[in-house]
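*Asks:* Mind having a look at this structure? Questions to follow.
The values are calculated or read from the model by the stated rules, or taken from the named source; none is laboratory data. This one's a predicted model, so the numbers in the text were calculated from it and none came from an experiment. All Cβ positions, glycine included, derive from the backbone under ideal geometry; neighbour counts span all protein chains shown. Only protein heavy atoms, including side chains, enter the accessible area calculation; ligands, DNA and RNA are left aside. Shrake-Rupley method; radii C 1.70, N 1.55, O 1.52, S 1.80 Å.
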Amino acid sequence: MNNRLFALATSSIGRKALMALTGLGLIGFLVVHLAGNLTLLAGSDGAAFNSYARTIESNPLLPLAEVGLAALFLAHIVLGIRQAAGNREARPVGYRQFQSHGNRKVSTSSMLVTGLIVLVFLVVHISDFRLAARHPQGLAYMVHERMRQPLGAAVYLLGVGALGVHLWHAFQSLFQSLGLRHPRYSPLIDKAGRGLAVLLALGFAVLPVYTWVASPAKAAAKAPAESTSSAVSGPHDSSPAAATPSVTKEPR
Amino acid sequence: MSADHAPSSGMRLTLNIWRQSGPADAGRMETYHLDGISPDMSFLEMLDVLNVRLEREGREPVAFDHDCREGICGSCGVMIDGNAHGPEAETATCQLHMRSFADGAALTIEPFRAKGFPVLKDLVLDRSAFDRIIAAGGFISANTGCAVDANSTPVAKSDAELSMDAAQCIGCGACVAACPNAAAMLFVGAKIAHLGLLPQGQPERSKRVLAMARQMEAEGFGSCSNYYECEAACPKAISVENIARLNRDYLRAGLTTRD
Ligand code: FES
C-alpha cells in the first residue's frame, strides 16, 4: 500500500499534482502575507503592523507553522527543478526551427526562471526580516529602512514582479494538473488566476512604492513613535522571539 | 511525377531536409532545389517528386513514413518550418497541399524529435513506444460473442460524443513533437478518455490508466507543463481536456484501487 502511494507521488502525474497542491498552499500563504503587509498602510505609523507581527510571534505554534511553510516551499522548489530537468532529457536533440501555436506565453515558458528569481528573492527576504536581529524600533521601522534604499526596493519589486509572472501561468495550470477542467468553469479559472496574479503582485509592490512616494519623512517621524515597546525584542535575539518575526512576514 | 524535370511552370522550392543514414548516424541538414511543383500536389507527393529525381541521379531518396495518405492512419508526420504536420491547423502532413506554401519558399523539414521516438532514418521514427503504451492497457478485454442487441448497453449522449472525439486520435505523435517537454499526455489522455467514457471500458479503467501512464513514463516522454502546444498541433484537434481527464483518472485510480 505504501509502495502504491509512493509510486503515485513519484510518478510524473503525481509529481505535477503535488506541485499543484503545494503551489495552492503557497498562494494561500501569500494572500495572508499580503493582508498582513497592508496593515502597514493603516496610517498608525506602523503600530498596527507591529502589533500584528507581535501577535504572530507570540503564538507558541509559530515554529510548527514555519516548518510546514518551509516544507511547502521546499517540496515545490525541488519538484519544479526535477520536472524541468526531466523534461529537458525527454528531447535530447532539439529542432532547428520551432514555432509555438499553443497557449504559451512568456509566463508559461519562464516558470523555472521566475521560480528561481522568487527563490533568490526569498533568501534575501528571509535574511532581511526573519534572520536579522530585530531593530529596537520594531519591524515596521525595518521595513521602511529597507524599502527606502533604491536597491532594496528594486530587489523587492523584481521579486514581486517575478512572482506575478509565475502566478499568471500557475493558477490555471494547477487546476489542469489536478484534473479539474471543464468548459463551464475553466475560462473563469483562467481569468481568476490572472486577476490573482495581478492583485498579489500589485499588492506586494505597494509597500516599496508607498515608502518611496509617500513617506520618507514619515518613516523618520514614525521611528520614535513605535519605539522599543515590545518587550520581546532583546538586543540580539536569536531566541524564540526574534526567531519568530512572523510567519506572515518573510517568505513569499 | 513527370514534373521532376519540367522547370516550365510550377513552384520552385528550396528544401532543407534532415538526412540521417541510420540510428547511429549523427545526421545533418541537406539542401535540395526543386522546381515544377504543382500547388495541387500534396506535401508527400512533393517529396515523391524529389525522391524520383534523387534516384535518377543515383542518390539515396529521403526516407519518410506514410501509409493511407488520407489523414487517418497516423503514419505520416514531419516538422515543417518548426510546425508539426506543417503550417495548417488540423491537417496531417499527407493532407497538406503545396498551395499552403509560397512559390520560392525555403522549407525546413525535420523529423519529430523526442527521446521516446528515436530516428531510424532521415524522417522516419521508431514510434513503437506508442504501441507499447497501448499494449500496457489501451484496450478493452471482452469476449466477442454474438452481436448484442442494439441499445442493450446505454451510453449517455455526451459521453459518447466525448469518447468519439477522443477516439479520433490517429497516434501520429504530433503532440509529442510539438510539446516543449516531448510529453505524450495528449495521446495517452485521448486513449484514456476514449475507453474510459464507455461502459465497456469501466472494469479495466483504473488498471488501464495506471499501466498506460507507467509505460508512458518508462518510454522517456516528458511530463506536462500545460503549454497546450499538443492541442494546437493535433491534426484531429484532440482537446487538452483529455489531459485533465487523464490526470484525474490517474489520481483517482492511484488513491482508490485496492489490488
Ligand atoms: S499517411 Fe496516413 S495519416 Fe498521413
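*Asks:* Looking at A:Ala84, A:Ala71, which one is within 10 Å of another protein chain (Cβ to nearest Cβ), at pLDDT 90 or above and part of a helix (DSSP H, G or I)?
*Replies:* Answer to the selection: A:Ala84.
*Asks:* Still on this structure: Specify which of the listed residues (A:Pro150, A:Pro60, A:Pro136) is farther than 23 Å from B:Gly82 by Cα and touching a residue at least 60 places away in the same chain (Cβ under 8 Å).
*Replies:* Working: A:Pro150 fails: touching a residue at least 60 places away in the same chain (Cβ under 8 Å); A:Pro60 fails: touching a residue at least 60 places away in the same chain (Cβ under 8 Å).
Going through A:Pro150, A:Pro60, A:Pro136 in turn, the sole match is A:Pro136.
*Asks:* So, B:Arg208, is that one on the phi < 0 side of the Ramachandran plot and open to solvent by less than 10 Å² (accessible area, probe 1.4 Å) or not?
*Replies:* Spelling it out, B:Arg208 is indeed on the phi < 0 side of the Ramachandran plot and open to solvent by less than 10 Å² (accessible area, probe 1.4 Å).
*Asks:* Assuming A:Gly193 fulfils every condition listed in (1) farther than 20 Å from B:Ala244 by Cβ; (2) touching a residue at least 24 places away in the same chain (Cβ under 8 Å) apart from one, which condition is it?
*Replies:* The failed condition is (1).
*Asks:* Just a yes or no: is a residue in the range B:133-142 under 27 Å from B:Gln20 (Cα atoms), more than 13 Å from the ligand (Cβ to nearest atom) and surrounded by 16 or more Cβ atoms within 10 Å (Cβ to Cβ)?
*Replies:* The answer is yes, given that some residue of the range B:133-142 is under 27 Å from B:Gln20 (Cα atoms), more than 13 Å from the ligand (Cβ to nearest atom) and surrounded by 16 or more Cβ atoms within 10 Å (Cβ to Cβ).
*Asks:* Let me ask something else about it. Tell me, which residue of the range B:65-83 that is in a loop (DSSP other than H, G, I, E, B) and either among the hydroxyl-bearing types (Ser, Thr, Tyr) or more than 10 Å from the ligand (Cβ to nearest atom) (or both) is farthest from the other protein chains (Cβ to nearest Cβ)?
*Replies:* B:Ser75
*Asks:* Go through the range A:96-114 and report how many residues are part of a loop (DSSP other than H, G, I, E, B) and open to solvent by 40 Å² or more (accessible area, probe 1.4 Å).
*Replies:* Going through the range A:96-114 one residue at a time, the tally reaches 9.
*Asks:* Suppose we filter B:Leu210, B:Leu195 for residues that are in a helix (DSSP H, G or I) and away from every other protein chain (no Cβ under 12 Å); which single one remains?
*Replies:* B:Leu195 is the lone residue from the list that is in a helix (DSSP H, G or I) and away from every other protein chain (no Cβ under 12 Å).
*Asks:* Residues of the range B:38-64 being within 13 Å of the ligand (Cβ to nearest atom) and closer than 19 Å to B:Asp126 by Cβ, which ones?
*Replies:* Scanning the range B:38-64 gives a single hit, B:Phe64.
*Asks:* Then there's this: B:Met164 fails exactly one of the following numbered conditions: (1) open to solvent by 40 Å² or more (accessible area, probe 1.4 Å); (2) within 12 Å of another protein chain (Cβ to nearest Cβ); (3) within 21 Å of A:His182 (Cβ to Cβ); (4) at pLDDT 95 or above. What is the number of that condition?
*Replies:* Going through (1) open to solvent by 40 Å² or more (accessible area, probe 1.4 Å); (2) within 12 Å of another protein chain (Cβ to nearest Cβ); (3) within 21 Å of A:His182 (Cβ to Cβ); (4) at pLDDT 95 or above one by one, B:Met164 breaks only (2).
*Asks:* A further question follows. Among the residues of the range B:215-230, which ones are assigned to a helix (DSSP H, G or I) and at the interface with another protein chain (Cβ under 7 Å from one of its Cβ atoms)? Even if it seems obvious, please write down each step before you answer.
*Replies:* Taking the range B:215-230 as the starting set, the residues that turn out to be assigned to a helix (DSSP H, G or I) are B:215-218, B:229-230.
Within the range B:215-230, B:Glu217, B:Glu229 qualify.
*Asks:* Could you say whether any residue in the range B:128-139 is assigned to a loop (DSSP other than H, G, I, E, B) and out of contact with any helix residue (DSSP H, G or I) (no Cβ under 9 Å at 6 or more places or on another chain)?
*Replies:* Scanning the range B:128-139 turns up no residue that is assigned to a loop (DSSP other than H, G, I, E, B) and out of contact with any helix residue (DSSP H, G or I) (no Cβ under 9 Å at 6 or more places or on another chain).
*Asks:* Could you tell me how many of the residues in the range B:89-105 are of a type in the set (A, V, I, L, M, F, W, C) and either at pLDDT below 95 or more than 16 Å from the ligand (Cβ to nearest atom) (or both)?
*Replies:* First pass over the range B:89-105, keeping only residues of a type in the set (A, V, I, L, M, F, W, C): B:89, B:92, B:94, B:96, B:98, B:101-102, B:105.
From what is left, the residues that are either at pLDDT below 95 or more than 16 Å from the ligand (Cβ to nearest atom) (or both) are B:101-102, B:105.
Number satisfying all stated conditions: 3.
*Asks:* Please determine, by comparing only the residues of the range B:21-64 that are of a type in the set (Ser, Thr, Tyr) and in a loop (DSSP other than H, G, I, E, B), which one is most open to solvent (accessible area, probe 1.4 Å). Spell out how you get there, then give the answer.
*Replies:* From the range B:21-64, those of a type in the set (Ser, Thr, Tyr) are B:21, B:31-32, B:38, B:42; that's our starting set.
With the extra rule that they be in a loop (DSSP other than H, G, I, E, B), the set shrinks to B:21, B:38.
Values: B:Ser21: 90, B:Ser38: 42 Å².
Filtering first and then ranking leaves B:Ser21.
*Asks:* In the range B:10-40, how many are touching a Ser or Thr at 6+ places or on another chain (Cβ under 7 Å) and free of Cβ contacts under 8 Å to residues at least 60 places away in the same chain?
*Replies:* Selection size over the range B:10-40: 4.
*Asks:* Report whether or not B:Gly86 is closer than 25 Å to B:Val176 by Cα, within 14 Å of chain A (Cβ to nearest Cβ), within 12 Å of the ligand (Cβ to nearest atom) and part of a loop (DSSP other than H, G, I, E, B).
*Replies:* So B:Gly86 passes the test.
*Asks:* Also: Would you confirm whether or not the range B:108-127 contains a residue that is open to solvent by 10 Å² or more (accessible area, probe 1.4 Å) and within 13 Å of the ligand (Cβ to nearest atom)?
*Replies:* For the range B:108-127, residues open to solvent by 10 Å² or more (accessible area, probe 1.4 Å) and within 13 Å of the ligand (Cβ to nearest atom): present.
*Asks:* Identify, from the list B:Cys224, B:Cys169, the residue that is touching a strand residue (DSSP E or B) at 6+ places or on another chain (Cβ under 7 Å), open to solvent by 10 Å² or more (accessible area, probe 1.4 Å) and either away from the ligand (no atom under 16 Å from the Cβ) or modelled with pLDDT of 95 or more (or both).
*Replies:* Just a single option satisfies the conditions, and that option is B:Cys224.
*Asks:* Another question about this same structure. How many residues, within the range A:48-68, are open to solvent by 40 Å² or more (accessible area, probe 1.4 Å) and part of a helix (DSSP H, G or I)?
*Replies:* First, pick out the residues of the range A:48-68 that are open to solvent by 40 Å² or more (accessible area, probe 1.4 Å): A:51-52, A:54-55, A:58-61, A:63-65, A:67.
Imposing the further condition that a residue be part of a helix (DSSP H, G or I) reduces the set to A:51-52, A:54-55, A:63-65, A:67.
Result for the range A:48-68: 8.
*Asks:* Right, another one. Which residues, counting only those in the range A:4-34, are more than 14 Å from chain B (Cβ to nearest Cβ), farther than 21 Å from A:Tyr156 by Cβ and open to solvent by 40 Å² or more (accessible area, probe 1.4 Å)?
*Replies:* Listed by number, the list holds a single entry, A:Leu24.
*Asks:* Being among the charged types (D, E, K, R) and either under 20 Å from A:Asn2 (Cα atoms) or within 16 Å of the ligand (Cβ to nearest atom) (or both) is the filter here; which residues of the range B:235-247 pass it? Write out each step before concluding.
*Replies:* Going through the range B:235-247, the residues among the charged types (D, E, K, R) turn out to be B:236, B:241, B:245.
Hit for the range B:235-247 is B:Lys236, nothing else.
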